[in-house]
Structures are given as structure tokens and as C-alpha cells.
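J.: Encoded as C-alpha cells, here's the structure I'll be asking about.
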Amino acid sequence: RKSAVIAVDGPAGAGKSTVARLLADRLGYLYLDTGAMYRALAYKALSEGIDLRDEAELAELLNQTTIELYPKGHGQVTVMMDGQDVTGHLRTPEVNASVAVVAGFPLVRREMVLRQRELARHGGVVMDGRDIGTFVLPDADIKFFLTASLEARAERRYHELRQAGFDVSLDRIREEIQHRDLLDSSRPYAPLSQAADAILLDTTKMEVEEVVERMLAMCDQRL
Ligand code: C5P
């Protein structure tokens with residue numbers, strides 16, 4: 001089906017964006033990275049020196065901010081904020097350290113969720129995040145919940161950041177991921193959690209291609 005809606009949720013570093021991107025590519029769907037939207041807001045707040053604990057100010061900032069996600073082929077995505085390409089600024093240690101705080105505020109989430117539902121309105125999308133299957137798109141046609149051991153997730157992030165040229169340590173990354181997961185799963189409003197009807201995939205010992213093939217098989221079965 002060309003118009004299905006697929007939700008992919010899970011903790012940090014479980015491989016969601018990599019596989020969601022490839023899955024979207026294979027299905028000819030649009031890949032929507034909701035984490036990038038929260039990251040863009042966190043990046044803007046950091047650049048403008050806004051107090052990250054100030055919910056009202058962050059919500060106001062978001063109202064004055066346009067965020068667009070453009071596919072640029074091969075599953076890659078360009079993130080435009082206020083008309084500027086900010087893709088390269090969103091996966092820095094600074095943004096990693098503050099995004100979950102920004103994303104914890106109901107006023108911020110409410111607006112993000114409206115935007116995300118609008119993006120998915122016509123279907124034909126794979127949307128990845130934390131609350132897609134439970135909150136943003138509870139009627140999604142297929143929901144996946146990706147996990148992996150903390151160690152595997154930390155190592156993946158470590159290699160990703162190293163490759164991008166950041167001088168980071170595995171210990172710091174493990175801590176950062178653990179901290180972010182704790183914030184994401186313990187926030188009162190739309191926390192990270194597995195939807196009752198989501199398919200659980202533990203990717204600890206799986207290669208990317210294997211995960212994508214499994215997901216495609218499920219889509220074949222169900223769509
Ligand atoms: O997926 P990614 O690691 O880019 O997400 C960054 C952060 O954005 C998450 O740790 C979480 O705090 C927030 N987020 C969220 N809800 C989503 C997607 C991301 O709260 N749907």
C-alpha cells in the first residue's frame with residue numbers, strides 16, 4: 001500500500017533512524033525524523049542563549065521557528081530551520097546533552113505533535129521518534145519498537161560521533177544515552193514507551209540490513 005503509516009520508536013542509539021530511513025527508501029515512502037525537529041529547537045535555543053528550563057520561552061521560540069525535513073536521496077535528510085540548512089549542527093554533544101530537556105515540556109511537545117501529524121496526514125511515511133506509536137500516530141498501520149543493549153547502543157553512537165570527528169569517550173556516551181533515556185521514559189507527558197501493539201525488535205546482535213529485511217517482511221504481511 002502506498003499510503004500506509006509506519007511508526008518506529010525506541011531508546012537512543014537503537015538504530016531507529018538508520019533502519020527507518022532504509023525502510024522508507026525501500027517502500028518509496030517519506031522518512032520523517034521527529035528527533036531532528038526536537039534537535040533543531042534545542043540547537044536554536046542554545047544558539048540564542050535561551051534558558052533551557054523556561055518552558056514558555058521555548059514554546060514561544062518554537063512558534064517563531066519553521067522546521068522542514070527534505071529527503072536528499074539515499075535516505076539522507078536535510079533539516080532546514082528558518083530556511084537555513086542546520087543538518088550538520090544537530091548531532092553534536094551539546095545538542096545531545098540538552099535535547100531531552102527541551103523535549104520534556106508539554107507546551108513544546110504539543111506543537112511538535114501537531115506538526116508531525118500534519119506531515120503524516122497523507123500517509124506513505126515512516127516516522128521515527130519516541131512517542132510515535134503511543135501518542136503522535138496511535139492509529140499507525142504498523143508500529144515497530146527497536147531496542148538494543150545499552151552497551152551496543154553506546155558503541156554505535158561512539159563510532160558515529162568519532163567518524164564525524166568529535167573527540168568523545170565511550171564512557172561519556174554511555175552515560176549520556178542512559179541519562180537521555182531516563183529523561184525520555186520518565187517524563188509525565190508522552191514518555192518513551194512501547195505501544196501495546198508494537199512489534200519489538202532487539203537489534204543488539206543484528207546487522208542493519210537484517211533489521212530492515214525483517215521489517216520489510218512484516219510490512220509485506222500486514223499492509
Ligand atoms: O531520535 P533522536 O536521538 O534524534 O532524538 C533526540 C531526542 O529528541 C530524544 O532523546 C528525545 O528527548 C527527543 N524526542 C522526543 N520525541 C520524539 C523524538 C525525539 O522526545 N518523538
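J.: Please enumerate the residues belonging to the stretch 153-171 that are surrounded by 14 or more Cβ atoms within 10 Å (Cβ to Cβ) and touching a residue at least 24 places away in the same chain (Cβ under 8 Å).
T.: Passing the criteria: ARG153, ALA154, ARG156, ARG157, GLU160, LEU161, PHE166, VAL168.
J.: LEU183 - would you say it is out of contact with any Asp or Glu (no Cβ under 6 Å at 6 or more places or on another chain), open to solvent by 40 Å² or more (accessible area, probe 1.4 Å) and not in a helix (DSSP H, G or I)?
T.: no
Rundown of residues vs (1) out of contact with any helix residue (DSSP H, G or I) (no Cβ under 9 Å at 6 or more places or on another chain); (2) open to solvent by 70 Å² or more (accessible area, probe 1.4 Å); (3) within 15 Å of the ligand (Cβ to nearest atom); (4) at pLDDT below 95, yes/no style:
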position: TYR38; (1), (2), (3), (4): no, no, yes, no
position: LEU46; (1), (2), (3), (4): no, yes, yes, no
position: GLY49; (1), (2), (3), (4): yes, no, no, no
position: LEU52; (1), (2), (3), (4): no, no, yes, no
position: ALA56; (1), (2), (3), (4): no, no, no, no
position: HIS74; (1), (2), (3), (4): no, yes, no, yes
position: ARG91; (1), (2), (3), (4): no, yes, yes, yes
position: VAL126; (1), (2), (3), (4): no, no, yes, no
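J.: Please state which one of ALA140, ALA154, ALA196 is within 16 Å of the ligand (Cβ to nearest atom), of a type in the set (A, V, I, L, M, F, W, C) and assigned to a loop (DSSP other than H, G, I, E, B).
T.: ALA140
Results for (1) within 10 Å of the ligand (Cβ to nearest atom); (2) touching a residue at least 40 places away in the same chain (Cβ under 8 Å); (3) in a helix (DSSP H, G or I); (4) open to solvent by 60 Å² or more (accessible area, probe 1.4 Å), shown as yes or no for each residue.
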| residue | (1), (2), (3), (4) |
| --- | --- |
| VAL95 | yes, yes, yes, no |
| VAL99 | yes, yes, yes, no |
| ARG109 | yes, yes, yes, no |
| ARG117 | no, no, yes, yes |
| GLY123 | no, yes, no, no |
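J.: Just to be sure I understand, how many residues within the stretch 6-36 are open to solvent by less than 10 Å² (accessible area, probe 1.4 Å) and more than 11 Å from the ligand (Cβ to nearest atom)? Give the steps one after another, and end with the answer.
T.: Pass one, the stretch 6-36, residues open to solvent by less than 10 Å² (accessible area, probe 1.4 Å): 6-10, 12-14, 19-20, 23-24, 32, 34, 36.
Those still in the list that are more than 11 Å from the ligand (Cβ to nearest atom) too: 6, 19, 23-24.
Matching residues across the stretch 6-36 total 4.
J.: Would you mind finding the one in ASP25, ASP54 that is over 15 Å from the mean Cα position of the chain (by Cα) and within 19 Å of PHE105 (Cα to Cα)?
T.: Criteria check complete, one pass: ASP54.
J.: Mind listing whichever residues of the stretch 58-72 are open to solvent by 70 Å² or more (accessible area, probe 1.4 Å) and either part of a loop (DSSP other than H, G, I, E, B) or closer than 17 Å to PHE105 by Cα (or both)?
T.: If the condition is that a residue be open to solvent by 70 Å² or more (accessible area, probe 1.4 Å) and either part of a loop (DSSP other than H, G, I, E, B) or closer than 17 Å to PHE105 by Cα (or both), then GLU60, ASN63, GLN64, THR66, LYS72 are the ones that fit.
The values are calculated or read from the model by the stated rules, or taken from the named source; none is laboratory data. Source: prediction; values computed, not measured. So basically every Cβ, Gly included, is an ideal-geometry build from the backbone, and we count neighbours across all protein chains shown. For the accessible areas, the whole protein counts, side chains as well, though only heavy atoms, and no ligand, DNA or RNA atoms are used. Shrake-Rupley method; radii C 1.70, N 1.55, O 1.52, S 1.80 Å.
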